[in-house]
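The structure under discussion appears below in the form of structure tokens.
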Amino acid sequence: SPESLVLLTYSTSNDGIYSSGNLENILLCEGQTADLMAVTSGVTVTYKINGVIVQGPSTTTTFTATSLANGDQVSVEVIDASSGCPTESDPLTVVVSAAPEVTLTSSAPNKTFCVDSVDDLVFTATTNDTSPTYEFRINGLAIQNSEQATFTPTGYNLLSGDEVFVKVSSPNGCS
């Protein structure tokens, strides 16, 4: 009697951007969860982390893994409807990457500026990442996205109370 086909896929959310995969690894940033889904013709599904049952057996084909660690092995076992025989997916290895550490400094942290006089103001981001991209924001609005670690707000009418932030992203997708 034929066995059920089982494929384990996942998706993650990082700043509203979803990625999915059905490769050998589950790629996560620190603190991120993985939404797992068994694509199968089986009737019962059991999720396992490092061989230990974490959900099931049940008819639920999805599972949200909230505490995966680097090196964990995630698999799913399904029971075939007609034969009652189990089939287990190939395990996916969890790879957890750290977010870059970031410091943002100003060339004039305590200086008062007049309107249109911010030409000599420079914001500089420093990070422990080796190949980051920088997205500078004013009050949450993205202004500059590049590989440049500095931002000069020339042309932007900064007002008292405006906040400048930087989001640093690693090539591994963590920020």
If you plug each phi of region 77-83 into the Karplus form 6.51 cos²θ - 1.76 cosθ + 1.60 with θ = phi - 60°, what whole-Hz ³J(HN,Hα) values come out, in order, with x for Gly and Pro? 10, 10, 9, 5, 5, 8, 8
For S41 and A98, what is the calculated FRET efficiency with R₀ set at 41 Å and r taken between the beta-carbons, to the nearest 0.05? 0.60
What accessible area per residue, rounded to a whole number of Å², is obtained for region 40-173 using a probe radius of 1.4 Å? 57 Å²
Mind listing the Cα extents of region 28-98 along all three principal axes, in Å, largest one first? 45, 17, 17
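On the protein heavy atoms, probe 1.4 angstrom, tell me the percent of accessible surface of region 40-147 carried by carbon and sulfur. It would help to have the intermediate numbers written out before the result.
Details: 3050 of 6070 Å².
That share works out to 50 percent.
The values are calculated or read from the model by the stated rules, or taken from the named source; none is laboratory data. Just so it is clear, the model here is predicted, and its values are computed rather than measured. When we count neighbours, we look across all protein chains shown, and the Cβ atoms used for this are built from the backbone with ideal geometry, even at glycine. These area figures cover heavy atoms from the full protein model, side chains too; ligands, DNA and RNA do not enter into them. Shrake-Rupley method; radii C 1.70, N 1.55, O 1.52, S 1.80 Å.
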